[in-house]
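The values are calculated or read from the model by the stated rules, or taken from the named source; none is laboratory data. Everything quoted here is computed from the prediction, not taken from an experiment. As a convention, Cβ positions derive from the backbone with ideal geometry for all residues, glycine included, and neighbour counts pool all protein chains shown.
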Amino acid sequence: MTNIAFIGLGHMGNPMATRLLKAGFPVKVFDISDTAVQALVAKGAVAAKNRIEIAKDTDVVITMLQTGQQVREICIGENGLFKHLKKDALYIDSSSIDIVTTSELHNIAKQAGIHMLDAPVSGGVAAAEAGTLTLMVGGEESTFNKAKFILEKLGKKIVYAGIAGTGQAAKICNNLLLGISMIGVCEAFSLAEKLGLEAKKFFEISSNASGQCWSMTSYSPVPGLVEKVPSNNNYQPGFMAKMMLKDLRLAQHAAENAAANIPLGAEAAELYSLFVNKGFGELDFSAIIKMIAGS
């Protein structure tokens, strides 16, 4: 039996760890929030008190954290995972972090005899709960093939992106596109309303016309148009606006390093920064329609 440890039990980590428990894996869990840990213990997980305990007798460690610095601190140093995991253990980072940190961790893991994959996810909380996430995975293909039986318990679409760091590259580019498209959808709905066109009518038209996109038809920022989306639940996330801002800033940093031009991405980051600074960072990113519409 493959022993798994899961670190980071927030909006995404909790349902992902729950999926692994339901699949029959023994799962150890760790989080700075004892409440988050106990919620998983109640489902059958075992609580770990520290990183050394996490690593003991563990075959696979999965992290779902918010920043590259958090992932780095968990992994390296005298008390880091890489010092205490057994040789040939598998480390999967599903956090959305910068490519520089990801590349550094891949190198350190390799030196320690640990196999690593960067495997960020897309789909939000609902997909994490249903096990229908999309996972984009970077690392050695042989490691990906060995890890696939675990990844398939977490997502419906598992894509091998390529060498180390390409999973994070895919996530950064995807969320760059998502942030931009959501703002476009919000602007269109706002303008339609001011021009006297009802939201339901505009949705019916645009979702069957050239303006159709995921932000419109699968994650509508207007309540009552699509089932099971945050806009129907007072914009409870979902995917928090502050996390979207983080990813847009990651895209900006990546673009600077790659000498790429992303003017719409820069504008989207400015708008989400304004929205978060107004105190709405904990709401779903689709709630930016409130700011755009002036409500």
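Please enumerate the residues belonging to the stretch 279-290 that are part of a helix (DSSP H, G or I) and surrounded by 12 or more Cβ atoms within 10 Å (Cβ to Cβ).
Phe280, Phe285, Ser286, Ala287, Ile288, Ile289, Lys290
Can you tell me how many residues in the stretch 130-146 are over 13 Å from Ser94 (Cα atoms) and either touching a residue at least 24 places away in the same chain (Cβ under 8 Å) or within 16 Å of the chain's Cα centre (by Cα) (or both)?
Going through the stretch 130-146 one residue at a time, the tally reaches 7.
Can you confirm whether Leu191 is assigned by TED's automatic domain parsing to the domain that holds Leu248 and either at pLDDT 95 or above or buried (at least 21 other Cβ atoms within 10 Å of the Cβ) (or both)?
Yes; evaluated as a whole, the condition is true for this residue.
Table: residues versus (1) part of a helix (DSSP H, G or I); (2) polar (S, T, N, Q).
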{"residue": "Ser220", "(1), (2)": "no, yes"}
{"residue": "Pro223", "(1), (2)": "no, no"}
{"residue": "Lys242", "(1), (2)": "yes, no"}
{"residue": "His253", "(1), (2)": "yes, no"}
{"residue": "Ala260", "(1), (2)": "no, no"}
{"residue": "Ser273", "(1), (2)": "yes, yes"}
{"residue": "Ile292", "(1), (2)": "yes, no"}
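I'd like the full set of residues that are surrounded by fewer than 19 Cβ atoms within 10 Å (Cβ to Cβ) and hydrophobic (A, V, I, L, M, F, W, C), limited to the stretch 131-157.
Listed by number, the list holds a single entry, Phe149.
Restricted to the stretch 7-27, and to residues that are over 19 Å from Ala126 (Cβ atoms) and within 21 Å of the chain's Cα centre (by Cα), which residue is surrounded by the most Cβ atoms within 10 Å (Cβ to Cβ)?
Ile7
Conditions first: (1) at positive phi; (2) in contact with a strand residue (DSSP E or B) (Cβ under 6 Å, 6 or more places away or on another chain); (3) not hydroxyl-bearing (Ser, Thr, Tyr). Gly196 passes all but one, so which condition is the exception?
(2)
Condition test on Gly184, is it among the small types (Gly, Ala, Ser), at pLDDT 95 or above, in contact with a helix residue (DSSP H, G or I) (Cβ under 7 Å, 6 or more places away or on another chain) and within 20 Å of Ala268 (Cα to Cα)?
no
What are the pairs with Cβ atoms under 9 angstrom where one residue, in the stretch 246-274, is in contact (Cβ under 8 Å) with a residue 40 or more places away in the chain and not assigned by TED's automatic domain parsing to the domain that holds Ile97 and the other, located anywhere, is in a loop (DSSP other than H, G, I, E, B) and hydroxyl-bearing (Ser, Thr, Tyr)? Sequence gap at least six, or different chains.
Lys246/Thr67; Lys246/Ser96; Asp247/Ser96; Leu250/Ser96
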